[in-house]
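Asks: Structure below; questions to follow.
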Amino acid sequence: MSAPIFRDPVYDGATDPTVIRNSRTGDWWMFYTQRRTTEPGEGVRWIHGTSIGIAISSDDGATWHYSGTANGLGRDDTLWAPEVIAAGDRYRMYLTVVDGVPDSWTAADAHIVEFVSDDLLNWDRVGELDLGSDRVIDAAVALCGDGNWRLWYKNERDGSSTWSAVSPDLNGWRVEGRAVPATPPHEGPNVFPLGGWYWMITDEWRGLGVHRSRDARTWQRQGSNGGLILDTPGSHPDDRGIGHHADAVVLPATAGRAESAILFYFTHPRRDDPSRTVARSSPIHAARLTVSDGQLIADRDIAVPQRLLGDTAAEATASAERTT
């Protein structure tokens, strides 16, 4: 059964994972929102005022070790849902920044801010992206087949839909508009290529919604299972909840393995616990994604620990590490 692969040792509140290989060391780095489960304040103050935690694996994802929080992202605001990519010889982070530390979901403006780094640990601010809304969160960035980069994000001024923006070089973005309507509402888009399709997964708070596209511009909902994955519980006690806000790392085909992806996601397995801190806990899990007959299939009961990202997983990041 698939036990959690990582728990934040400070608050046990790791959410919104994103995983990238450090090209200099070969280690895999996981960035995540470090929710403050012990916060005594009212409302959802505990979900705000968050830092970005880091976990590192030197054995291709078999074990993960806490390595503190990312430097240079700011201290007085709320930091959510990092998206980290390699481009050229630098790393770029697209981070949700909510003004201040509010105790409600909509009490403050939210922006997507770009940072750059040479080592994944220390970050320099580039600036806020102009995406035409004062409530944008949850960035996802991918290089598309037309040679352009695209950024997808939740636009909370448009009914929690997913919008997109396009850039030829990551140095300026043009808003394209709504990519997936808010029917149903959702957040946390993640886009990746697998099995001849681009896939977009979103968090619908009842499982992950799945859309597919040939060009990463026009999206259609997956036909099987109502277009959802991770909507039914896994077998491990800490994987009994639905999957939330996920990130996929694509693994190339090898002689003994078809092309697949590892999906990193979090759960809230103890929501009914009388302890508020325990009820807020959120471990990180992994599932394997494959494509069968044009449908995205998720297996969340893979055995761990194992070398999830494999000896050849370095090839999975090669397409993102091109000079821009």
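The values are calculated or read from the model by the stated rules, or taken from the named source; none is laboratory data. Nothing here was measured: the structure is a model prediction, and the numbers come from that model. Virtual Cβ from ideal backbone geometry, glycine too; neighbours counted across all protein chains shown. These accessible areas exclude ligands, DNA and RNA; they are computed on the full protein's heavy atoms, side chains included. Shrake-Rupley method; radii C 1.70, N 1.55, O 1.52, S 1.80 Å.
Asks: Given the conditions (1) over 17 Å from the mean Cα position of the chain (by Cα); (2) under 23 Å from Gln306 (Cβ atoms); (3) crowded, with 18+ Cβ neighbours inside 10 Å, which single one is not true for Glu39?
Replies: Against the list (1) over 17 Å from the mean Cα position of the chain (by Cα); (2) under 23 Å from Gln306 (Cβ atoms); (3) crowded, with 18+ Cβ neighbours inside 10 Å, Glu39 comes up short only on (2).
Asks: Right, here's the next one. Can you tell me which residue among Gly61, Gly53 is open to solvent by less than 20 Å² (accessible area, probe 1.4 Å) and not in a strand (DSSP E or B)?
Replies: Answer to the selection: Gly61.
Asks: Got a sec? Which strands (runs of 3 or more DSSP E) wholly within region 235-316 have at least 1 residues that are touching a His at 6+ places or on another chain (Cβ under 6 Å)?
Replies: 260-266
Asks: What number of residues in region 198-230 are at pLDDT 95 or above, open to solvent by 40 Å² or more (accessible area, probe 1.4 Å) and over 22 Å from Gly159 (Cα atoms)?
Replies: 2
Asks: For Ser23, are the conditions met, namely being at pLDDT below 95 and under 26 Å from Gly234 (Cβ atoms)?
Replies: Criteria not met by Ser23.
Asks: Are there any pairs, at least 6 apart or on different chains, whose C-beta atoms fall under 9 Å, with the first in region 242-269 and more than 19 Å from Pro189 (Cβ to Cβ) and surrounded by fewer than 22 Cβ atoms within 10 Å (Cβ to Cβ) and the second aromatic (Phe, Trp, Tyr) and at pLDDT 95 or above, and if so, which?
Replies: Once the first residue is more than 19 Å from Pro189 (Cβ to Cβ) and surrounded by fewer than 22 Cβ atoms within 10 Å (Cβ to Cβ) and sits in region 242-269, no partner that is aromatic (Phe, Trp, Tyr) and at pLDDT 95 or above comes close enough.
Asks: Return the residues of region 116-136 that are closer than 15 Å to Val175 by Cβ, within 19 Å of the chain's Cα centre (by Cα) and part of a strand (DSSP E or B); say none if nothing qualifies.
Replies: Matches in region 116-136: Arg135, Val136.
Asks: Identify all residues within region 276-307 that are among the acidic types (Asp, Glu) and over 21 Å from the mean Cα position of the chain (by Cα); write none if there are none.
Replies: Result: Asp293, single match.
Asks: So which residues in region 290-321 are modelled with pLDDT under 85, out of contact with any Pro (no Cβ under 9 Å at 6 or more places or on another chain) and not small (Gly, Ala, Ser)?
Replies: Asp311, Thr317, Glu321
Asks: Do you know which residues across region 101-148 are basic (Lys, Arg) and buried (at least 17 other Cβ atoms within 10 Å of the Cβ)?
Replies: Arg135
Asks: Under 9 Å by Cβ, and 6 or more places apart or on different chains, what pairs join a residue from region 79-91 that is closer than 26 Å to Ala14 by Cα and β-branched (Val, Ile, Thr) with one that is assigned to a strand (DSSP E or B) and open to solvent by 20 Å² or more (accessible area, probe 1.4 Å)?
Replies: From region 79-91, the pairs are Val84/Trp29; Val84/Arg92; Ile85/Arg92; Ile85/Leu143.
Asks: Are any residues in region 160-197 part of a loop (DSSP other than H, G, I, E, B) and open to solvent by less than 10 Å² (accessible area, probe 1.4 Å), and if so, which ones?
Replies: Leu170, His186
Asks: Taking the criterion of being surrounded by fewer than 20 Cβ atoms within 10 Å (Cβ to Cβ) and assigned to a loop (DSSP other than H, G, I, E, B), would at least one residue in region 149-158 satisfy it?
Replies: no
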